[in-house]
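S.K.: Have a look at this one.
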Amino acid sequence: MSLEESINNDIKAAMLAKEKRRLEALRAVKAAILLAKTEKGGKPDMGHEAEIKILQKLVKQRKESADIYRSQGRNDLEEEETFQASVIMQYLPEQMDESELRGIIGQIIATTGASGIKDMGKVMGLAAAKLAGKAENKTIAALVKQLLSEG
């Protein structure tokens, strides 16, 4: 079952269960996927990786919005954005923990022969491709920078 089919089934279930908040989050995901498929240059048969990237973008947007609302003291809106992010995250692959990331990034650094911060771009390109969907790029970049500065 594709991600889109899974989301459609979950939308139906949320409608039947009258889960308004969950339904809203799921409809936002469906809309984003449909938009990506129908925009200029989009493909009707979008691959799984492209769908994952869309979900990651939606989660990132929700988290950033929640941070803004928190800084403005709008806890009601912050809570809604956090809830929607948690619903969307259920469709993403499980995120790797820091120790696993360190090991993989360490291997990439050894393979590329990177020796300092000047090689960060080379390492980031490979790390971002290998860890796509398994960790946030912000986390990957921080670990790459830390490991390169230590080495």
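S.K.: Compute from the Cα atoms of region 98-150 the Rg and the Dmax, the latter being the longest Cα-Cα distance, and quote both in angstrom.
M.R.: 9.5, 27
S.K.: On to the next question. When GLU51, GLU4 are ordered from fewest to most other Cβ atoms inside 10 Å of their Cβ, what list results?
M.R.: With the fewest neighbours first, GLU51, GLU4 line up as GLU4, GLU51.
S.K.: Counting other Cβ atoms within 10 Å, which GluC sites (Glu not before Pro) in region 88-130 have at most 15 and lie in a DSSP loop?
M.R.: In loop regions of region 88-130 (DSSP not H, G, I, E or B), the sparsely surrounded GluC sites (Glu not before Pro) are GLU94.
S.K.: Give the residue from ILE108, MET124, LEU34 lying farthest towards the positive end of the charge dipole for the chain; charges sit on Cβ (+1 for Lys and Arg, -1 for Asp and Glu) and the dipole is referred to the Cα centre.
M.R.: LEU34
S.K.: Quick one: dipole size for region 6-69, taken about the Cα centre, charges +1 on Lys/Arg Cβ and -1 on Asp/Glu Cβ, in debye to the nearest 20.
M.R.: Result for region 6-69 is approximately 180 debye, rounded to the nearest 20.
S.K.: Let me have the relative contact order for the chain, percent, based on Cα pairs under 8 Å that are six or more residues apart.
M.R.: 19 percent
S.K.: Restricting to Cα pairs below 8 Å that are 6+ residues apart, what does the relative contact order work out to for region 1-55? Please round to a whole percent.
M.R.: Here the relative contact order equals 33 percent.
S.K.: Another question about this same structure. Which longest run of the chain has no exposed loop site in it, a site being trypsin sites (Lys or Arg not before Pro) in a DSSP loop with at most 13 other beta carbons within 10 Å, and the site itself not part of the run?
M.R.: 41-151
S.K.: Okay, moving on. Going by C-beta contacts inside 10 Å, put THR139, THR38 in order with the fewest on the left.
M.R.: Sorted ascending by nearby Cβ count, the order is THR38, THR139.
S.K.: Given a Förster distance of 22 angstrom, what is the FRET efficiency for SER86 paired with MET15, based on the Cβ-Cβ distance and rounded to 0.05?
M.R.: 0.70
S.K.: Between GLN107 and GLU79, with labels modelled 7 Å along Cα→Cβ, what's the label distance in nm to one decimal, could you check?
M.R.: 4.4 nm
S.K.: Tell me which label goes with the value of Kirkwood radius over Cα pairs in Å computed from the coordinates here: [x] 17.4; [y] 15.2; [z] 22.8.
M.R.: [x]
S.K.: Now for a different question. With +1 on each Lys and Arg Cβ and -1 on each Asp and Glu Cβ, how big is the dipole of region 85-137 about its Cα centre, in debye rounded to the nearest 20?
M.R.: With Lys and Arg at +1 and Asp and Glu at -1, about 260 debye.
S.K.: With runs of 4+ DSSP H residues as the only contributors, calculate the mean residue ellipticity of the chain at 222 nm using -39,500 (n - 2.57) per run, divided by the residue total and rounded to the nearest 500.
M.R.: Rounded to the nearest 500, the figure is -25000 deg cm²/dmol.
S.K.: Hey, got the dipole for the chain? About the Cα centre, +1 on K and R Cβ, -1 on D and E Cβ, debye to the nearest 20?
M.R.: 380 debye
Read the figures in this text as sums done on the coordinates, not as results from a lab. Values in this document were obtained by computation on a predicted structure and should not be read as measured data. For neighbour counting, all protein chains shown are included, and Cβ atoms are generated from backbone atoms with ideal geometry for every residue, glycine included.
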